[in-house]
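The values are calculated or read from the model by the stated rules, or taken from the named source; none is laboratory data. The structure displayed is predicted, hence computed values, not measured ones. Cβ placement follows ideal geometry from the backbone for every residue including glycine, while neighbour counts extend to all protein chains displayed.
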Amino acid sequence: MRRLENRVAVVTGGARGLGKEICLTFAREGADIVIGDVIDMEDAVKEIRGLGRKAIGVKTDVTKKEQVENLINTAVENFKRVDILMNDAGISRHVHLMAMADKDWDAVFAVNLRGIFLCTQAAAAQMIKQKGGRIINMASASVDSTVSPAFPAYQTSKAGVVQFTKAAARELGPHGITVNAIGPAMVETDMSHVDKTPEEVAKQLEAVKKSVPLGRICAAQDVANLALFFASDEASFITGQFVRVDGGRG
């Protein structure tokens with residue numbers, strides 16, 4: 001039997017990049033998928049359905065409480081339950097501390113931290129009724145390092161995600177809900193190109209590759225594999241953990 005047979009997963013930021021790879025991985029393992037995103041989700045939904053699973057897309061700005069509640073309510077209305085929440089939606093700003101505008105700092109925290117809080121709160125309310133569930137948060141391998149001086153808001157918000165994960169795991173554990181966080185190293189996705197030229201991206205990727213003991217860049221599937229493990233029964237006694245997917249870079 002597939003590891004997520006007939007389970008229902010809500011994935012924010014699932015229309016592209018890491019989120020889409022996670023959606024497809026969950027679907028291959030038997031899950032039906034509800035994507036919450038601010039961009040067009042049609043292609044991702046079609047690919048999931050092509051794997052033989054049900055999928056719907058719900059326009060969702062994770063910083064808006066009413067939209068988050070609609071996302072979870074839509075999942076329940078269509079599939080009767082929510083077994084997995086994958087909090088993948090996130091943004092970054094490639095700006096040094098002294099040049100960063102207030103609005104950029106606030107925007108990063110609104111999506112990366114407030115969004116996870118709102119989605120976790122809404123999904124957990126349903127999971128408590130079900131007496132169980134899996135919540136997986138996307139953090140970053142950079143939470144306790146300074147791999148780049150130009151991501152102060154991103155790195156700080158992701159450090160907050162790790163601490164939030166630990167707090168939520170302790171509170172939700174008695175209800176049979178596990179909460180864990182993933183810390184990927186740099187993966188080449190749309191986000192890695194934000195505010196940077198192609199030459200800057202190539203230079204950064206090469207520098208990262210040289211610093212990784214395993215000698216390669218983190219792939220989206222590497223991250224999706226860990227998300228699958230956390231979502232599965234194999235991780236039923238693992239909660240409150242932050243696990244890096246960084247090839248030993250540390």
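Structure summary
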{"read-out": "Looking only at segment 197-213, and only at residues there that are surrounded by 12 or more Cβ atoms within 10 Å (Cβ to Cβ) and within 12 Å of D246 (Cα to Cα), the one that is modelled with the highest pLDDT", "value": "V212"}
{"read-out": "Whichever residue in segment 86-128 is part of a helix (DSSP H, G or I) and β-branched (V, I, T) and, among such residues, is nearest to G173 (Cα to Cα)", "value": "I128"}
{"read-out": "Of residues in segment 86-139 being out of contact with any Gly (no Cβ under 6 Å at 6 or more places or on another chain), polar (S, T, N, Q) and crowded, with 21+ Cβ neighbours inside 10 Å, the one farthest from L228 (Cα to Cα)", "value": "S92"}
{"read-out": "Leading residue by the ranking (surrounded by the fewest Cβ atoms within 10 Å (Cβ to Cβ)) among those in segment 29-64 that are of a type in the set (G, A, S) and farther than 16 Å from A89 by Cβ", "value": "G52"}
{"read-out": "Tabulated pairs, segment 164-178, first in a helix (DSSP H, G or I), second charged (D, E, K, R), C-beta under 8 angstrom, 6+ apart or interchain", "value": "H175/K131"}
{"read-out": "Residue list for segment 65-79, filter: farther than 12 Å from Q126 by Cβ and surrounded by fewer than 16 Cβ atoms within 10 Å (Cβ to Cβ)", "value": "K65, E66, N78"}
